[in-house]
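Notes follow the structure.
The values are calculated or read from the model by the stated rules, or taken from the named source; none is laboratory data. Predicted, not measured: the structure shown is a model, and the values here were computed from it. With ideal geometry, Cβ positions are generated from the backbone for all residues, glycine too; neighbour counts draw on all protein chains shown. Only protein heavy atoms, including side chains, enter the accessible area calculation; ligands, DNA and RNA are left aside. Shrake-Rupley method; radii C 1.70, N 1.55, O 1.52, S 1.80 Å.
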Amino acid sequence: MTINRPQPRPGVLDIAPYVPGKSTAPGVDKVFKLSSNETPLGPSPNAIAAYRAAGDHLEDYPDGSASALREAIGAAFGLDPDRIVCGAGSDDLLNLLARAYLTDGDEAIYTRHGFVVYPIATMGTGAKAVAVPEKNFTADVDAILKAVTPRTKLVFLANPNNPTGTYVPFDEVKRLQKSLPAHVLLVLDAAYAEYVQRNDYESGIELVATTDNVVMTRTFSKIYGLAALRLGWMYGPAHVVDAINRIRGPFNVNNPAIAAGIAAIRDTAHVEKSRAHNTRWLAWLTEEIGKLGLPVTPSAANFVLIHFPETNGRTAKDADDFLTRRGLILRQVGVYKLPNALRMSVGTEEANRLVVQALKEFLGKAA
Ligand SMILES: Cc1ncc(COP(=O)(O)O)c(C=O)c1O
């Protein structure tokens, strides 16, 4: 049947729209939002000051190439600023990568519990999103390689992954890159890299620097606390940077975001403080929630994945309802094929303790 009205390209209407984490709990005054992996410590005070100062000149277009920000990122990470592209969040960059490298009939691989933006970005181009199995909630390099076909153009790998918090060690990422056909672009999404405290982890910088088919994306939304401003960046080979610069919006990053981003990346003491807070409370939450008999997937990021039984009254959905009534907002992850789990961002000490106490009561284990 032909419908006589404008039609989006094939695939678009098959996309399940992204649903952000809840931020309200009806009837509760004090709400602790632990549903979107934001930092409980907020941004650097210097970033807030820079953002405010940028507000004095809202009439000016931003620098379309975000040069000062790329230089600040380059200085912080020892990278060539010409190999960096900034975006309105790393979402922007993930979508641009999909648009630049995928077309109708192509395939992009992602992992079963991988970040949902990958299939959304892929299907928006008319390409097919191919989900591959994971092992122990962790991306499996062999499963990814097995799914490669002549139509594969992109592989998306979140490392660490959201919502599982698991990571792929550097040796395995290297093996993946080596075994992929040279024309397949490997996108390493390192949104949570700053939190990782593991000797066998590498965010992607080394592989980008030494190969021709790897891109790394990063964000200012997590440890830098600038999620509201929408700011991310990618580091890639010159030929990929060139392609992305041709299709990105000419002013895709706004001035207040540029100013705040520069201040945030220079405030290494604040980043250190946020990392230390996370390391301490991630371990505490994993242990305390585990002691309640709820398995927690070991996380290298700033959130934990908590698994619930399927027993009536004890399910993830029941727990979410119970916690929400107390203003403790976690994230249901059914859309990630994890219907029996909740994801919780590491919060303030107060929020973390309240969740553990509430879970005790939910399970009928409170003293
Ligand atoms: C794995 C992963 N990649 C990318 C993003 C998007 O970050 P941004 O706020 O930079 O668009 C997120 C945000 O939750 C994420 O979890």
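Structure above, values below:
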item	result
Sequence of Trp233, Trp284 from largest to smallest accessible area, 1.4 Å probe	Trp284, Trp233
DSSP bridge pairs, region 56-205: antiparallel proportion in percent, nearest 5	15 percent
Rounded if a/c under 1.5, otherwise prolate or oblate - region 44-161, Cα gyration tensor axes	prolate
Förster-model FRET efficiency, 30 Å R0, Arg280 and Leu363, C-beta, rounded to 0.05	0.80
Label-point separation, Glu59 to Lys337 (7 Å along Cα→Cβ), nm	5.5 nm
Listed residues Lys222, Lys146, Lys174 arranged by accessible area, highest first, probe 1.4 Å	Lys146, Lys174, Lys222
Surface accessible to a 1.4 Å probe, Lys22 within the full protein complex, Å²	80 Å²
The chain - percent relative contact order, Cα under 8 Å, separation 6 or more	24 percent
Simple label model, 7 Å out from Cα along Cβ direction - Glu206 to Ala75, nm	2.7 nm
FRET E, pair Lys30, Val356, Förster distance 25 Å, beta-carbon r, rounded to 0.05	0.90
Cβ-defined net charge surrounding Val117, 9 Å radius [Lys, Arg +1; Asp, Glu -1]	-2
Cα gyration tensor shape of region 240-367, rounded if a/c is under 1.5, else prolate or oblate by comparing a/b with b/c	prolate
Accessible carbon and sulfur surface of the chain relative to its total accessible area, %, 1.4 Å	53 percent
Centroid-to-centroid separation of region 39-97 and region 128-144 [C-alpha atoms, Å]	32 Å
Whole-number accessible area per residue in Å² for region 277-367, which is evaluated in the context of all protein chains at 1.4 Å	41 Å²
Cα centroid separation, region 160-182 to region 192-235 (Å)	13 Å
Residue-normalised accessible area of region 164-240, expressed per residue, 1.4 Å probe, Å²	34 Å²
Gain in span if fully extended, Asn46 to Arg246, counting 0.36 nm per residue against the direct Cα distance	68.7 nm
Span-like helix ranges in the chain, DSSP H, alpha carbon extent 18 angstrom or more, Kyte mean at least -0.5	89-101, 349-362
Neighbour cut-off at most 10 other Cβ (10 Å), DSSP loop, GluC sites (Glu not before Pro), region 83-186	none
Fully extended contour minus Cα-Cα distance, from Lys291 to Arg314, at 0.36 nm per residue	6.7 nm
Calculated FRET efficiency for the pair Arg99/Val19, C-beta based, R₀ 25 Å, to 0.05	0.65
Ranked order, Val116, Val215 - accessible area, probe 1.4 Å, largest first	Val116, Val215
Region 1-150 - accessible surface per residue (Å², probe 1.4 Å)	54 Å²
Cα-based shape type of region 173-264, given that a ≥ b ≥ c are square roots of the gyration tensor eigenvalues and the cut on a/c is 1.5	oblate
